[in-house]
Amino acid sequence: MTSLSSGESAAHPDRIDTSRPHPARMYDYFLGGKDNYEVDQRAAEQFMKSAPEVREGVLANRHFMHRAVRHVVAEGGVRQILDVGTGLPTEPNVHQIARSVAPGTRVAYVDNDPIVATHSRALADDPDTAVVLADLRDPRSILDHPEVRAVIDFDRPVALLLVAVVHFVADAQDPAGIVATLRDALPAGSYLVLSHATGDVHEDRREDAAAVYNKATASLNLRSHAAVLDLFGDFSLVEPGLVRVTDWRPEEARRPDAPPIGIYGGVARKDA
């Protein structure tokens, strides 16, 4: 999961802002990681007061990504993955999951945070993996980036991962247009894996939760099921469609007392 700093230009993804909470570092804190600062920890703790299930939510989102990657590689036959908004790496990461199914799968990680890029390069240093500094709000800079092009062949099927990142793009920044630009660059047989936070599940708490990110480097934009569904365009959703991440092909039964998770997830294929 990346951050999109409202105060920084998409043309300068190499700037680091450590004065405000950072969504990627907050996400790392939720996951129990160590790559975060006190400012991130305070914001994360405040967020958990409004959404106490957030730690279960980010783990559920992570497990959704694991299952989705295995699906597109094992069942979809994809051998190259473009992960935009990768966030701070947590093992197993995308290349490790994919290569456990199909060794040699090529992966390009994209994030706009230099801290993320540094950690990602340390975890994935091989010719079949690229780590690129670029911003989701400038999709052409991603598609045209020479390091992305060195790993990803856009004439062959690609799995595009937008996992827990589009909800950091404000409506005024045209998230639908951004995702469409990326989708349109993919050939037939490609896949879109996308998850997105929603206020549909806990409507009474959505404003308090989103307010925490008003002081962070990116706002949190909760969207409805219909709005998230639109992001898939004319791609064909695979079963079970766009559902809560906990309900997308679960491998284990959930605890009866588990809280509902306000994150939608889906996998869709680009047909001929």
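The values are calculated or read from the model by the stated rules, or taken from the named source; none is laboratory data. What you are looking at is a predicted structure, and each value in this text was computed from that prediction instead of being measured. Every residue, glycine among them, receives a Cβ derived from its backbone with ideal geometry; neighbour counts consider all protein chains shown. Please note that ligands, DNA and RNA were not included when accessible areas were found on the heavy atoms of the full protein model with its side chains. Shrake-Rupley method; radii C 1.70, N 1.55, O 1.52, S 1.80 Å.
General observations
- The number of residues in region 170-182 being among the hydrophobic types (A, V, I, L, M, F, W, C), at pLDDT 95 or above and either under 26 Å from Gly57 (Cα atoms) or touching a Lys or Arg at 6+ places or on another chain (Cβ under 7 Å) (or both) comes to 3.
- Some residue of region 89-100 being farther than 27 Å from Glu239 by Cβ and of a type outside the set (Ser, Thr, Tyr): yes
- Selection count where residues are over 17 Å from Arg55 (Cα atoms) and surrounded by 10 or more Cβ atoms within 10 Å (Cβ to Cβ), scope region 248-264: 3
- Selection from region 140-162 of residues that are surrounded by fewer than 20 Cβ atoms within 10 Å (Cβ to Cβ), in a loop (DSSP other than H, G, I, E, B) and in contact (Cβ under 8 Å) with a residue 60 or more places away in the chain: Asp153, Arg156
- Residues of region 74-94 that are open to solvent by less than 40 Å² (accessible area, probe 1.4 Å), more than 24 Å from Pro114 (Cβ to Cβ) and assigned to a helix (DSSP H, G or I): none at all.
- Yes/no for Ala130 being surrounded by fewer than 18 Cβ atoms within 10 Å (Cβ to Cβ) and over 23 Å from Lys34 (Cβ atoms): no
Residue-by-condition table, conditions (1) at pLDDT 90 or above; (2) in a strand (DSSP E or B); (3) touching a helix residue (DSSP H, G or I) at 6+ places or on another chain (Cβ under 7 Å):
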residue	(1), (2), (3)
Ala44	no, no, yes
Ala68	yes, no, no
Val72	yes, no, no
Gly104	yes, no, no
Val107	yes, yes, yes
Val110	yes, yes, yes
Ile115	no, no, no
Ala122	no, no, no
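- Conditions (1) modelled with pLDDT under 95; (2) under 30 Å from Ile152 (Cα atoms); (3) among the acidic types (Asp, Glu); number of the one not met by Asp230: (1)
- Scanning region 226-247 for residues that are outside any strand (DSSP E or B) and among the small types (Gly, Ala, Ser), we see that the one that is most open to solvent (accessible area, probe 1.4 Å) is Ala226.
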